[in-house]
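In what follows, a structure is listed as structure tokens, so that the remarks can point back to it.
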There are 2 protein chains.
Amino acid sequence: MTDPDDALARVFAHLAAGEERALARLIEYLRHPSISAQNVGIAEVAALLVRLLRDIGLQAETVPTANHPMVLARWDGAPGAPTVLLYGHYDVQPPDPLDAWISPPFTPTIRDGRLYARGAGDNKGQHFAQILAIEAHLAVHGRLPCNVVLLLEGEEEIGSPHIAEFVGTHRDRLRADLAITADGPLHPSGRPTVIFGVRGVASFELRARGAARDLHSGNFGGVAPNPLWRLVHLLATMKAPDGTITIDGLHDAVIPPTNAERAAAAELPLDLDALRRELGLSELDAPAGRPFYERLMFHPTLTINGMHGGYAGPGSKTVLPHEAFVKCDIRLVRAQTPADVLAKVAAHVARHAPDVEFVPMHGMEPSRTPMDSPFAAPIRTAIIAAHATAPLLFPSLGGSLPDYVFTRILGIPAFVVPYANADEANHAPNENIRLDCFFAGIRTGAALLSHLGRAAPASG
Amino acid sequence: MTDPDDALARVFAHLAAGEERALARLIEYLRHPSISAQNVGIAEVAALLVRLLRDIGLQAETVPTANHPMVLARWDGAPGAPTVLLYGHYDVQPPDPLDAWISPPFTPTIRDGRLYARGAGDNKGQHFAQILAIEAHLAVHGRLPCNVVLLLEGEEEIGSPHIAEFVGTHRDRLRADLAITADGPLHPSGRPTVIFGVRGVASFELRARGAARDLHSGNFGGVAPNPLWRLVHLLATMKAPDGTITIDGLHDAVIPPTNAERAAAAELPLDLDALRRELGLSELDAPAGRPFYERLMFHPTLTINGMHGGYAGPGSKTVLPHEAFVKCDIRLVRAQTPADVLAKVAAHVARHAPDVEFVPMHGMEPSRTPMDSPFAAPIRTAIIAAHATAPLLFPSLGGSLPDYVFTRILGIPAFVVPYANADEANHAPNENIRLDCFFAGIRTGAALLSHLGRAAPASG
């Protein structure tokens, strides 16, 4: 058997010789709109992907959901080696506002070492790099170093409404030892990253009502209850000025970070002064003294997204408003769940302000993969092989992605390994991917297959 | 000298014979718009009033202010008798929305025993009744029972911006023993009222800022301070859930009600069940157990008029807003002042949330005339003479009127004796005055002059 480092070096050489062709093929792929929110081009791009994946030697098909189909492909020719589930999404954000684009969103254009197009970074450029990495291994060696399941979603940009159901239903077809998502950006310094987790989220609204109509504050002040005061006093029972969330039982399920996670967070680069300047902040949010990354990774937050009631115009108006609402989200950490957290908020509201209406909204579970997962080391080694620099290890993102479908539904470790530049302008006009990031992404994909192929499967 | 009851009876007889003519003259007066907010007809109506008042035998003139002029008239022919300052306002609210009027606002029209026109109740119909009462005494007896200063303002509907300065400057020309305002409505039962005081008001805005722009709650939740939480926690230091206002020092100046005031409030009619049904309330505002009228008369209130920040659309949006504001008013009771109260709010905000901007706004002092004022008895007697029923005695209104210019600047007792029906629809389309209320108002004005003429002047 060939030495695996030699085998990867041959793939890298093949890739280096084919960069121009790879770029041309990405440009062709990006010409096809696939806007999930507007159902534009979805079926066409799903079919195009299936043809492409079959052409390079994978079993591939579209699998229907209640809305846009999944593209599912696999390669099973490495018995005894691990199976990696590569996740991405082929749908893109709507390109509006069109007149803010320097070149049209579906006319991919190279300027200053970047390729500009909707989907260049989020996510077509990234999963296309994964596909080209698979293709290169197959072209050079006729086989892959490990088994692959490729899952490309068509609804990520509309909130992945069917992925949990899909993954639960197709558990057997998705059997794998780990999941890797190539999405999001590299660190602003350009360093690659490995992300082991995400915070979850649970959103809700509270609605308070007073009298049947707005009243005069002089004629009814002190007589009719004020729904804004009702919400203020209720909210004040939910979070203390020192930053402690005081919703009864909210922290019950929280598992504190491991020493390894805390140490990894402490090692991440941080220019707090620059951040303060950029955000115009003199101080961070309460509680004081909490390390920066621990705020984003290891603690739930209760954010008021919006609060509205009564007069909003200029000057003063002596009105006593009759209704008001507040919208909040709670970012969840391991092992909180939206269902449990929303039930605790509901119970808290019922106890402290039974006349206030609680409306549960969007929820997504958190996810956390242990930093000592046996796949962490080969992923790190692969990234070093592709980038010639070690990745930053993020125990968690502050935001939310549906990684829980891998960790909680499939029960496998999940990693996010972004390929795009930090200024990819995803969801915005002039979305782009740096050409060097795209090529490094293909190399990273190839190296991941190589180094995962040398690891033992989790079930082995 | 004639028996004063006989003299009043002759005036009443004169009035009873002249009702048709009185109504025709009110209709003519109401044909002239005098909209202060739009500067429509103000000078014309002021001049019209001066001619009218001179014609009936008063010294009358317009006195300029920085904006619309005052109409000032006097009759000094009763040396040794008290001098009453009769206050009213000749400006009216804009009539919009015009298409909601059944008959045009400046085409006075009689329907079902009411005269419909802008200003019919607020305030032309009421001070015109006072003028006709003066005229009747002069027509029947050639003199008035007491001295009269008549002050008609042209800016009441735009907040009386110059009345305090005017009264302070023209203190000598306004010298009087008491002030009476005929404005506002009778009790809904139709019973006449005497109002001894008003609450003051102090409005302010609080503005909180977080980061320089809206942020993603996942990427910055727990990092960037949230201006809505800042306001929630600040507001929670200003009023407790039990209804207690907890602004440091806010109650320092409050003078509790006298036994007479508390007893008068307790005697006022109240159908709390009907009010609850009308307002759709299951319970009154905190604190529980406080008598209804005491809420409106004897306690300051802190009302949130409006609070706004962040997302207001449908569903959820995981945004961390960068700014928010809240507008509040405090209703003031004796002897709080807007200047002192706003200074205390400013100090409280500076102590509890120094990063929150405090913006003082509109203020008006409270006013309270003692219920045992020597003029309370003749006013009550006069109302009984005109209405054949005793008035309800209100120690205070919940709302605010600039009565402090009489009680605090001139240092004289001030009373409000309304003439209009409770459903006068002031400030609204189809404003009206019931014809019987208008005629009773003229009789009340005549009786007030008669009974005040029998009292000793305050300075005597």
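Rule-based calculations on the coordinates, nothing more; no lab input. Bear in mind the structure is a predicted one, so any value in this text is a computation, not a measurement. Neighbour counts are summed over all protein chains in view; Cβ atoms, including those assigned to glycine, are modelled from backbone coordinates with ideal geometry.
Which net charge results for the neighbourhood of B:Arg408, defined as the other residues with beta-carbon distances under 15 angstrom from its beta-carbon, given Lys and Arg at +1 and Asp and Glu at -1? Write down the numbers at each step before the final one.
On the way: positive: B:Arg171, B:Arg199, B:Arg334, B:Arg368; negative: B:Glu165, B:Asp340, B:Glu365, B:Asp403.
Around B:Arg408, the charge tally is 0.
For the stretch A:1-152, a crude dipole built from +1 on the beta carbon of Lys and Arg and -1 on the beta carbon of Asp and Glu, taken about the Cα centre, is about 180 debye to the nearest 20.
From least to most packed, judged by other beta carbons within 10 angstrom and beginning with the fewest, A:Leu279, B:Leu115 follow the order A:Leu279, B:Leu115. Between B:Pro370, B:His137, A:Gly77, the Cα set farthest toward the positive side of the dipole of the protein assembly as shown (charges on each charged residue's Cβ, about the Cα centre) is that of B:Pro370.
Report, in debye and to the nearest 20, how large the dipole of the protein assembly as shown comes out about its Cα centre when Lys and Arg carry +1 and Asp and Glu carry -1 on their Cβ. Walk me through the intermediate numbers first.
Details: 78 positive and 98 negative charges, 116 e Å.
Roughly 560 debye, rounded to the nearest 20.
Sorted shortest first, the distances from the B:Leu275 label point to those of the same residue in the other copies are 5.3 nm; each point sits 7 Å from Cα along Cα-to-Cβ. What FRET efficiency would be calculated for the residue pair A:Ile245, B:Glu278, taking the C-beta separation as r and a Förster radius of 41 Å, to the nearest 0.05? Once rounded, the FRET efficiency stands at 0.55. Helix A:376-387 and the longest principal axis of the C-alpha atoms of chain A enclose an angle of approximately 70°. Against the empirical curve 2.2 N^0.38 Å, the C-alpha radius of gyration of the protein assembly as shown lands at a ratio of 1.31. Using C-alpha pairs under 8 Å with a sequence gap of at least 6, the mean separation divided by the residue count of chain B gives a relative contact order of 27 percent. Once the Cα atoms are used to define both axes, helix A:338-352 deviates from the longest principal axis of chain A by about 10 degrees.
If you rank A:Tyr293, B:Tyr311, B:Tyr419 by fewest surrounding Cβ atoms within 10 Å, what's the result?
On the way: A:Tyr293 21, B:Tyr311 18, B:Tyr419 31.
Ranked by crowding around the Cβ, least crowded first: B:Tyr311, A:Tyr293, B:Tyr419.
Residue of chain B with the smallest Cβ distance to the axis mapping B onto A, distance rounded to whole Å: B:Ala236, 2. Modelled label positions at B:Ala347 and B:Ala164, each set 7 Å beyond Cα in the direction of Cβ, lie 2.0 nm from each other. Would you tally the net charge around B:Ser103, using a Cβ to Cβ cut-off of less than 15 Å, leaving B:Ser103 out, and scoring K and R as +1, D and E as -1? Summing Lys/Arg as +1 and Asp/Glu as -1 gives +1.
With point charges of +1 on the Cβ of Lys and Arg and -1 on the Cβ of Asp and Glu, referenced to the Cα centre of the protein assembly as shown, which listed residue (B:Ala447, A:Ala422, B:Ser396) lies farthest in the positive direction of the dipole? In the protein assembly as shown, that residue is B:Ser396. Copy-to-copy spacing for B:Ala263, label 7 Å out on the Cα-to-C-beta vector, in nm, shortest first? Nearest to farthest, the other copies are at 8.2 nm. Per residue of B:288-297, other chain Cβ atoms within 10 Å of the residue Cβ number 2 on average. Find every distance from the label point of B:Thr169 to the corresponding label point in the other copies (7 Å from Cα along Cα→Cβ) and write them in nm, one decimal, shortest first. Values, ascending and in nm: 8.1.
If you take every DSSP beta bridge fully contained in the protein assembly as shown, what fraction is antiparallel? Give it as a percent rounded to 5.
Numbers: 99 of 138 bridges.
Here the share of antiparallel DSSP bridges comes out near 70 percent.
The equivalent ellipsoid of chain A has semi-axes of 44, 24, 21 Å, largest first, where each one is the square root of 5 times an eigenvalue of the Cα gyration tensor. Compute the long axis of helix B:4-17 from its Cα atoms, compare it with the longest principal axis of the Cα atoms of chain B, and write down the angle in degrees, 0 to 90, nearest 10. With rounding to tens, the tilt is 80 degrees. The residues neighbouring B:Ser367, those whose beta-carbon lies less than 12 Å from its own, together hold a net charge of +2 under the Lys/Arg +1, Asp/Glu -1 convention.
Between the listed residues B:Ala385, B:Pro314, B:Phe325, the Cα displaced farthest toward the positive end of the dipole of the stretch B:308-417, a dipole computed from Cβ unit charges relative to the Cα centre, is found at B:Ala385.
Computed from the C-beta positions of B:Glu20 and B:Ala422 and an R0 of 25 Å, the FRET efficiency is 0.45 to the nearest 0.05.
If R0 is 30 Å, the Cβ-Cβ spacing of B:Val63 and B:Asp355 corresponds to a FRET efficiency of close to 0.05.
How well do other chains shield peptide A:240-252, expressed as the mean number of their Cβ atoms within 10 Å of each residue Cβ?
Per residue, the number of nearby Cβ atoms from other chains is 1 on average.
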